[in-house]
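The structure appears right after this line, and notes come after that.
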Amino acid sequence: MKVLPIGIQSFKKLRNADCLYVDKTGILQRLIENGSQYFLSRPRRFGKSLTLSTLEAMFKGEVELFNGLKAEEWVKQHVKKPLPVVRFDMSGLGSYSNAQELNFSIMRRLQDIAEDNNLHLKDERTCDELLRKIIRLLNKERGLVVILIDEYDKPILDNIDDLEKANEMREVLCSFYSMIKSCDDYLRFVFITGISKFSKSGVFSAMNNLTDISSDLEYGDIVGYTQKELEFYFNDWINNAADKMKFSPDALLASLRDYYDGFSFDGDTRLYNPFSIMLCLSKGRLGNYWYTSGSPSFIAKYMKEHRIQNPDEYRHMEVPSDFADTHEIESSKPESFLYQSGYLTIEKWENDVITLDYPNEEVKKSLARMYLDEFYHVNGFITLGTQIWKFLTAGNIEQVVSVYNTAIADIPYDDFPKRDEYWYRSLFVMLLRGAGFIPFAEVHTYRGRSDVVIQFDRRIVVLEFKFAKTSSEIEEKKSEGLKQIKDRGYGKSYDAEGRKIISAIIVVDDERRQAIL
C-alpha cells in the first residue's frame, strides 16, 4: 500500500515520497483555464495548503511530479516557460501583537521570497510597497506572476475577541491585498484561501475582482474526498483497516460515512475531511481526530463573547443563501462562524434558502467537547459521560441522574442567563458525545418527538426532559411528561424488535440546580 500523506502539505514532498495522492489536478487545470483570480473558503484540515502547493508546481512546470496525473499534458505544454510564483502563508508569520508587528512579519516573509528569487530590493517600509516591488521585478525578469496566499484571514481571526485589534490587523491586510489588485497587469493567476469571509467590507473591498468559488457546484470537490474517491484510491487501506477492526469492508464504509462524511459547501457534493479519514484508516480505529488535532481558538473566543447556549438550535436551521457573506466581523452570526469553521454544513439548498446541520458524528463530538471544555467548563466530562453511559447500559436511571447532577453542579450558572429544557437536554447529550458515545436526540415518531433515545442490544432507553423554574412545578412537569410518553407512544416503534424499553422523565429543578427522576 502507498504511504498515506498524513500532515504533508507539500505536493513535491508527497510525490517524491510516492505517497497516495487523490488526483485533483484535473479540476485545478480547469480552474486555471476558466479564469485568473479566485477565492476559496474551507475549514481547517481540508487540503487548502496542498492545493496551493500543487498549483505552484503546475505553474513552475515541475513536470516530473505529474507523471500519470490528469494535468500531466497541461504541465508539459507549459514547462517551456515556467511562471514565477509568490506563495505566502499567513499562518506561518510567527508572533505579532499589534499592526506594526504584523507589517514587519509580512515584510520578513516577503524578504525571504525576494532572496529566494535573487531579487535586489531597497528600503521599502511597508509590506504592500515590498510586495509591489517583488511583483514588478519578477514580471520584468520572468513574465507574468502567480500569487498564492494561504490562510489570508488568520491575523484577524486570532484577535476576534478584541475587535479594535482585529480591525487594526484588517487595515494592514487591506493595504497588502489592495496592492495585488493594483498590480493586475503583471499577474497571470491569483488564488487566495482562508476559513472566513467575515471581513468582506474590509479586506475584500480591496479584492473585489476575485471570483469566490467557495459554493460553486463546479468546484465543490476541489478539496476533500468524495465517496467515489475514497473507495477508488483507498481500497487497500479500507480492506486493511477492516481486518484490524474485524469489520467487513462494507460495514467499515458505512461507519466511515457516519463518522466522517457529510461536509457540503454547494448543497450537492458530499465530502470527507482528508485528515480524519487518513488517520482513521492508518490507525484502524474510529476516532475524533479532527478535534484533537487542535480546535480553532477563534471559535472558542467567539463563543465566550456571544454566549452561544444551545447547539441543538443550529440543527436544520434555515438561513439565507448569503448568510456567510457578512460585512463586518462584529456583525457575524454564530451559525456563520460554525459553518465556515466546519462545525456546520449545508444539509440542502433550495433557491435562496440554505438548511444547515452538523455533517457527521465526529463533528458532533468535536462540538460537544468544545462546549464542555471552553464553555460549560465541566471538569472531567469524559469520565462523567462514560459513567452515564455505563449506567444507561445497565438500565440504572437513578445513577444516570446522579452523575448528571454532578455535571450540573460544576457549571457557572451566571454565564447562562437563558436556561430551559433544551439547554439541560443539550448538556446531557453533549456529555455522552464528548465521551465518545452516540445518543439519538429528538427522535421523531408518527405520534410525536421524544427527547433522547439510546439504543442497546437488549434495551431501548427513552428519556424525556422537563424544565421546572421552581420546585413547586416539579410534580406538574412529571405528570406532563408521563402523559406525553403515554399519549404519544414513545418507544412503540421499537416493540417489534423485542428489546426491553425503559422510559423515564427527568425534571430539572432550575431553582435548586438539580435533576429529579
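What follows is calculated from the coordinates using simple rules that are stated; it is not laboratory data. It should be emphasised that the depicted structure is a prediction, and the values quoted were computed from it without experimental measurement. Please note: Cβ atoms are built from the backbone with ideal geometry, for glycine as well, and neighbour counts cover all protein chains shown.
Kirkwood radius for segment 168-263, taken over all pairs of different Cα atoms as the inverse mean of 1/r, rounds to 17.1 Å.
In this Cβ point-charge picture (+1 for Lys and Arg, -1 for Asp and Glu), the chain has a dipole of about 1220 debye about its Cα centre. Multiplying the residue separation of Arg30 and Tyr413 by 0.36 nm and removing their Cα-Cα distance gives an extension gain of 132.5 nm. Under the convention that each Lys and Arg Cβ holds +1 and each Asp and Glu Cβ holds -1, the size of the dipole of segment 28-185 around its Cα centre is about 560 debye. Derived scalar couplings between HN and Hα for segment 119-131 equal 9, 9, 10, 9, 10, 5, 9, 10, 5, 5, 4, 5, 4 Hz in order, rounded to whole Hz, by the Karplus curve 6.51 cos²θ - 1.76 cosθ + 1.60 (θ = phi - 60°), x for Gly and Pro.
Computed from Cα atoms, the angle from the helix 25-34 axis to the main principal axis of the chain rounds to 60 degrees. Efficiency by 1/(1 + (r/R0)^6): what FRET value for Ser402 and Arg459, r their Cβ-Cβ distance, R0 = 22 Å, to the nearest 0.05? Step by step, r from the Cβ atoms, then E = 0.70. Amide H contacts for Phe88 (H built 1.01 Å from N in the peptide plane; partners 5 or more residues away or on another chain; cut-off under 5 Å): Leu148, Ile149, Asp150. Just to be sure I understand, if you calculate Rg/Rh (Cα atoms, Kirkwood Rh) for this structure, which of (i) 1.13; (ii) 1.02; (iii) 0.98 do you get? The calculated read-out lines up with (ii). Measuring between their Cα centroids, segment 97-173 and segment 35-75 lie 22 Å from each other.
The alpha-carbon of Lys466 sits under 25 angstrom from the alpha-carbons of these lysines, leaving out residues fewer than 8 places away in its chain: Lys364, Lys365, Lys390, Lys418, Lys477, Lys478, Lys483, Lys486, Lys492, Lys500. Given R0 = 25 Å, the distance between the Cβ atoms of Gln111 and Glu72 translates into a calculated FRET efficiency of 0.10. Beta bridges assigned by DSSP with both partners in the chain are antiparallel in approximately 45 percent of cases.
In straight-distance terms, cross-link reach from Lys140 covers every one of the lysines whose alpha-carbon lies under 26 Å from its own, apart from those fewer than eight places away in the same chain; here that gives Lys60, Lys76, Lys80, Lys81, Lys122, Lys181. Remark: relative contact order (the chain) = 12 percent; criterion is Cα-Cα distance under 8 angstrom and separation of 6 or more residues. Taking amide hydrogens as placed 1.01 Å from N in the peptide plane, the amide H of Ile460 sits under 5 Å from those of Lys500, Ile501, Ile502, each at least 5 positions away in sequence or on another chain. Note on Thr269 and Ser293: their simple-model spin labels are 1.8 nm apart, each label 7 Å out from Cα toward Cβ.
Going through the cross-link list Lys283/Lys348; Lys12/Lys348; Lys13/Lys283, which pairs have a Cα-Cα distance over 29 Å in this structure? Cα-Cα > 29 Å for Lys283/Lys348; Lys12/Lys348; rest within. Using the beta-carbon distance between Tyr233 and Val353 and R0 = 51 Å, what value does 1/(1 + (r/R0)^6) give for FRET efficiency, to the nearest 0.05? With R0 = 51 Å, the Cβ-Cβ based efficiency is 0.90. Computed from phi, the 3J(HN,Hα) profile of segment 63-69 under the Karplus parametrisation 6.51, -1.76, 1.60 (θ = phi - 60°) reads 4, 5, 7, 10, 4, x, 9 Hz, with x in place of Gly and Pro.
Please give every one of the lysines within straight-line cross-link reach of Lys154, meaning a C-alpha to C-alpha distance under 17 Å, and leave out same-chain neighbours fewer than 8 residues apart. The qualifying lysines are Lys48, Lys165, Lys197, Lys200, Lys301. Only helical runs count toward this figure. For the chain, summing -39,500 (n - 2.57) over DSSP H runs of n ≥ 4 and dividing by all residues gives -13000 deg cm²/dmol at 222 nm.
Taking θ as phi - 60° and the Karplus parameters 6.51, -1.76 and 1.60, the scalar couplings of segment 215-227 work out to 10, 7, 4, 5, 10, x, 10, 5, 10, x, 10, 7, 4 Hz in sequence order, x denoting glycine and proline. A crude spin-label estimate for the pair Lys13 and Asp123, with each label 7 Å from Cα along the Cβ direction, gives 3.9 nm. A straight chain from Glu164 to Asp184 at 0.36 nm per residue would run longer than the Cα-Cα distance by 4.1 nm.
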